[in-house]
Every structure is written in C-alpha cells, then in structure tokens.
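Engineer: Dropping the structure in here first, questions after.
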Amino acid sequence: MEPGDTWQRSFSVTLPPKGYYHLLVKIDTDAPAGELNDPYVHDDVHFERWMLVTDTGGRLTLEFDESVFAEGIAPMPGPFINKIGQSGASREAAADVGVAADVGMDSNDYVYMSVTYADNNTDKPAVGAYAHAARWHDHDHTDGPWNQQTAYVSSSGVVAFTCPPAGYHLEGGADLPSTAHIAGAGFSGYWEAGPSDCGDTISASGPRTNYLPWKNLKKVVPKVRSHFGNPSVPRVAWFTSSTDETSSYTPSSHRIKFGTASYHNDWTAAHEYAHALHEKALGGLWTAEPSCSEGHKVWEVSGYKCAFQEGFADYAAGIGAWGRSWENVPPDVDEPEDPRIEGYVAMLFQDLIDSANEDDDETTYSASSVGTAFKSCRIRFSGPWRKRNNVSDFVWCMENRINSDVHNDHFPGLTAPSQQSASRGSDWDADDIRSTWLQNLTDN
C-alpha cells in the first residue's frame, strides 16, 4: 500500500435466526519495521454495529435501537423472544439465547447477571457499573415493582439477584453511575429472568463506546483536578458520537463529545476534561484561530491562540492519563521551538512546574500557583483590560514585566501589550521565568 490508499476487505456472514445482534469488528495494524514502529504508528480500529435480521432481510444500525422490537418482544440482543408473561413466551428459548457460560455459580436461590462490554472481541467485566433488578408479576405489570435490588459490578463481572417466585419475574438493567465530577450514562437497557433461570447466569452486555469513556474519565479526572489544587468544577456531561471522528468540549453545554477515532483513549479523556477545567475554573476558554477547530496537531504550527489553549490541555492530559513527561521532543519532530506549536507550550508548563531543572529551565513552581497566574492574567494595550489568550500574554504576566524588544523578537505578528496583571507567587523570579520560556518557545 502507498500513503493515502484505502484498505478494503469483504466478509460473508451467515445470518442467524430473526433477531438483533451485536456485530464487532477489530482491525490490528502493524507499522513497517524501522524508525516508524510503535509508539509512533498506532492505528488499531474497533467498531460496533447492530444487525437486525428479519424475514425480509435486515439492516445495520449504528447504536442499539429499541424501536426495532415489536410490542411484546423483549428488547434484548439475540434471537427475538417474547417478554415473560406474553402469549407464547418460551423461557426455554430465552435461556438458550441469553444464558452465559457457567461461571461457577450454582445456587438456585439466585439469578446471576454477567455485566460486560466488548473489547477486542472479548467480553470484559464492566467494573463499577450499577446493576439493578425488580420483581414484577408475569401477567399484571401494575403489580410491582417489588423487592428492588441493586449491586455494583466487581472484577468478576457477575452480580446476584434473589430468584423470583412462581408467577413473577425480574426485570432490570445496568447503568454507569455519576460521580461528583462526571455524569453517568445508560449501559444495558433491559434484562429479564424468570424462575426457570434460577441458578443460571444471564448476559447483559453494554456498548464499549459508553463504558470506556466513562471508565477513563473516572480515572483521569481526579488526577487532573488534584494536580491543579482541586478547583471547583461542575459535573461534566459527556457522550460518544456514532458519526463524528473527532473529540471536543463544548463550553455552552459543559459537555464532552467523544469521537469514533479516540473515545477509547484515556489521554483524550484527560485532554477534553482539561478544557472543561480551563473553562469553569481557570478563567475561561477563548476563541482560537478558525483552523484550530478544523484540526490541530501537537507538533505542527497552528496559531498563537490555538497552541496556548491546546498546549495547556496537552500538558494536563499527560498528567491525567499516563504521567507523560514533556521534557523531550519526540525524535521524529523536525519543527523548531515555536510559540504557535502546542507541544512546545505543553513543554513550557512542564518546565515551569517540575523539579527537573535541566539546561536553562530555572523554575519549580506549584501547579496550583501557575494555574492561578494562568487564570488571573490580564493584559492591556491602549483600551480596556482583556483576559490572556495567547502564550505571550502569559509569559509577561508570569514575569510581571513587559519587554517590547524581546516580545517583537519572539512573537512576530503580535503587538506587545503596554500593561499586564496577574496573581503571582511571592518568590517568583522574572529572570528565571524568562530563561524557562525562552528554552521552550524559541530556537535561539
């Protein structure tokens, strides 16, 4: 294959009985041997679709769609079965299609529920999901719910609910619960079991596209918040798009959209949450250059505003996701230091804060104090004061002084402000700060 070529492959699928089925596709890619090998090339693909099979054919849907089920049919993956209590319902048929492999649970006093998500074509436990079930009368849905039961999913992936008596059944599902800082989401929408299922394990699988963003946010958000002193940030909403590839944060709705290309990535979760923290706790986002929303890359020139905004989020993402150090430029980067490149802005935040004072890095300040300066920085030309929106504003606020000649040398195209103001650390040294930012943002 040549760069830009499209790889295509067709597969034949033997249609199962009428029903609604989870279709998983995983593609592993390997970089060519040599300098481009991992981690610089990593483009594995995993996507999910839902396949409806009917007497007249069928179709694919992007997400699980309960509207495809006729009235009285249990909205569960697999061959169509009637809900318990519906005319002609067969619990034997339901058991055949819904019972998971035996996991060592043998008490007939309980029905076991296996709560999983698909990952690399393997069912994995949806740890932390909130499973729930309630008892209903088989033929009178006004008789209930009774004996409501709940349980959080552990590493085994299996929860137990008390068996229903004759004439009753359990209905339930599983959700991804909210935390103090992130919103929850639905996971497995419907699950049912009758007395004939006692002692069995019933599968309740949810979408990977919901579980992984939720799991990643739960992991990275506390780290990002702690690093910047646990500022007050409202609970952030989120969702995964089934059509858009890119991820983004929308300030007006305080919501993260995860795209199809990176919803599974913990670094993406931390990066987008950093934008939310920036908006709600660190002085607010600004409108960057139009090209920024069209796509920006870590080690390519974007613009002064874009690089400053995204560079901050890149630095915070490294803290939240996998402790990435921004000390060194990747060996395949050819671009020299430039304040319009977000990777170098991320390196500036790293060197302002970390304790490894290499070369001309002369600063070791707390992340919370740097965050306070970032939040409070204001600059003025001849008119009113305005909030900072590029890295030149920030460095002059950090220094608590402005040098027009230095500004013009290193920030071409930007007019030097006449005044700056920010809340700074009492022990900060302007010359040390200049040494640090010159090392990271300039090539001389």
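The values are calculated or read from the model by the stated rules, or taken from the named source; none is laboratory data. Everything numeric in this text was worked out from a predicted model, so none of it was measured. Reconstructed Cβ throughout: ideal geometry from the backbone, glycine too, with neighbour counts over all protein chains shown.
Engineer: Output the number of the condition that F308 fails; it satisfies all remaining conditions of (1) in contact (Cβ under 8 Å) with a residue 40 or more places away in the chain; (2) over 30 Å from Y117 (Cβ atoms); (3) not in a helix (DSSP H, G or I).
Structural biologist: It is condition (3) that F308 fails.
Engineer: Let me ask something additional. Could you list, in sequence order, the residues of the stretch 388-419 that are surrounded by fewer than 18 Cβ atoms within 10 Å (Cβ to Cβ) and small (G, A, S)?
Structural biologist: Selection gives S404, G413, A416, S418.
Engineer: Can you confirm whether the stretch 196-218 contains a residue that is over 29 Å from A373 (Cβ atoms) and in contact with a Cys (Cβ under 6 Å, 6 or more places away or on another chain)?
Structural biologist: yes
Engineer: In this structure, does R386 turn out to be in the same structural domain as S232 (by TED's automatic domain parsing) and either of a type in the set (S, T, Y) or in contact with a Lys or Arg (Cβ under 7 Å, 6 or more places away or on another chain) (or both)?
Structural biologist: Here the answer is yes, as R386 does meet what is asked.
Engineer: Same structure again: I'm trying to understand the selection: among the residues of the stretch 403-444, which are closer than 22 Å to K375 by Cα and hydrophobic (A, V, I, L, M, F, W, C)?
Structural biologist: Answer for the stretch 403-444, where residues must be closer than 22 Å to K375 by Cα and hydrophobic (A, V, I, L, M, F, W, C): F411, L414, A416, A422, W428, A430, I433, W437, L438, L441.
Engineer: Also, I was wondering about something else. Which ones in the stretch 160-200 are hydroxyl-bearing (S, T, Y), within 30 Å of I256 (Cβ to Cβ) and either in contact (Cβ under 8 Å) with a residue 60 or more places away in the chain or outside the structural domain of V111 (by TED's automatic domain parsing) (or both)?
Structural biologist: If the condition is that a residue be hydroxyl-bearing (S, T, Y), within 30 Å of I256 (Cβ to Cβ) and either in contact (Cβ under 8 Å) with a residue 60 or more places away in the chain or outside the structural domain of V111 (by TED's automatic domain parsing) (or both), then S188, Y190 are the ones that fit.
Engineer: On to the next question. Can you tell me which of V115, V111, V159, V127 is of a type outside the set (D, E, K, R) and under 30 Å from L277 (Cα atoms)?
Structural biologist: Exactly one of V115, V111, V159, V127 is of a type outside the set (D, E, K, R) and under 30 Å from L277 (Cα atoms), namely V127.
Engineer: Does Y211 count as crowded, with 22+ Cβ neighbours inside 10 Å and farther than 30 Å from W191 by Cβ?
Structural biologist: For Y211, the condition - crowded, with 22+ Cβ neighbours inside 10 Å and farther than 30 Å from W191 by Cβ - is not met.
Engineer: Which pairs turn up if I take residues in the stretch 392-403 that are under 19 Å from A307 (Cβ atoms) and without any contact (Cβ under 8 Å) to a residue 24 or more places away in the chain and look for partners that are part of a helix (DSSP H, G or I) and among the hydroxyl-bearing types (S, T, Y) with beta carbon separation below 7 Å, at least 6 apart in sequence or on another chain?
Structural biologist: none
Engineer: Name the residue, out of S247, S242, that is assigned by TED's automatic domain parsing to the domain that holds A373, within 30 Å of A118 (Cβ to Cβ), touching a Leu at 6+ places or on another chain (Cβ under 6 Å) and not charged (D, E, K, R).
Structural biologist: Testing whether each residue is assigned by TED's automatic domain parsing to the domain that holds A373, within 30 Å of A118 (Cβ to Cβ), touching a Leu at 6+ places or on another chain (Cβ under 6 Å) and not charged (D, E, K, R) leaves just S242.
Engineer: Right, A422: of a type in the set (A, V, I, L, M, F, W, C), surrounded by 15 or more Cβ atoms within 10 Å (Cβ to Cβ) and over 22 Å from Y344 (Cα atoms) or not?
Structural biologist: In short, yes.
Engineer: Hey, another quick one. Among the residues of the stretch 62-94, count how many are at pLDDT 80 or above and not in a strand (DSSP E or B).
Structural biologist: 19
Engineer: K215: of a type in the set (D, E, K, R), at pLDDT 90 or above and not assigned by TED's automatic domain parsing to the domain that holds F80, yes or no?
Structural biologist: Yes, satisfied.
Engineer: Still on this structure, I have one more. Out of all the residues in the stretch 219-247, which are surrounded by fewer than 17 Cβ atoms within 10 Å (Cβ to Cβ) and under 11 Å from the mean Cα position of the chain (by Cα)?
Structural biologist: Matches in the stretch 219-247: K219, F239.
Engineer: Does P339 satisfy the criteria of being assigned by TED's automatic domain parsing to the domain that holds N390, in a loop (DSSP other than H, G, I, E, B) and buried (at least 24 other Cβ atoms within 10 Å of the Cβ)?
Structural biologist: yes
Engineer: Checking P164 against (1) of a type outside the set (D, E, K, R); (2) surrounded by 15 or more Cβ atoms within 10 Å (Cβ to Cβ); (3) out of contact with any helix residue (DSSP H, G or I) (no Cβ under 9 Å at 6 or more places or on another chain), which test does it fail?
Structural biologist: Status for P164: all satisfied but (3).
Engineer: Which number in (1) within 9 Å of the chain's Cα centre (by Cα); (2) more than 30 Å from H132 (Cβ to Cβ) marks the one condition that E272 misses?
Structural biologist: Failing condition for E272: (2).
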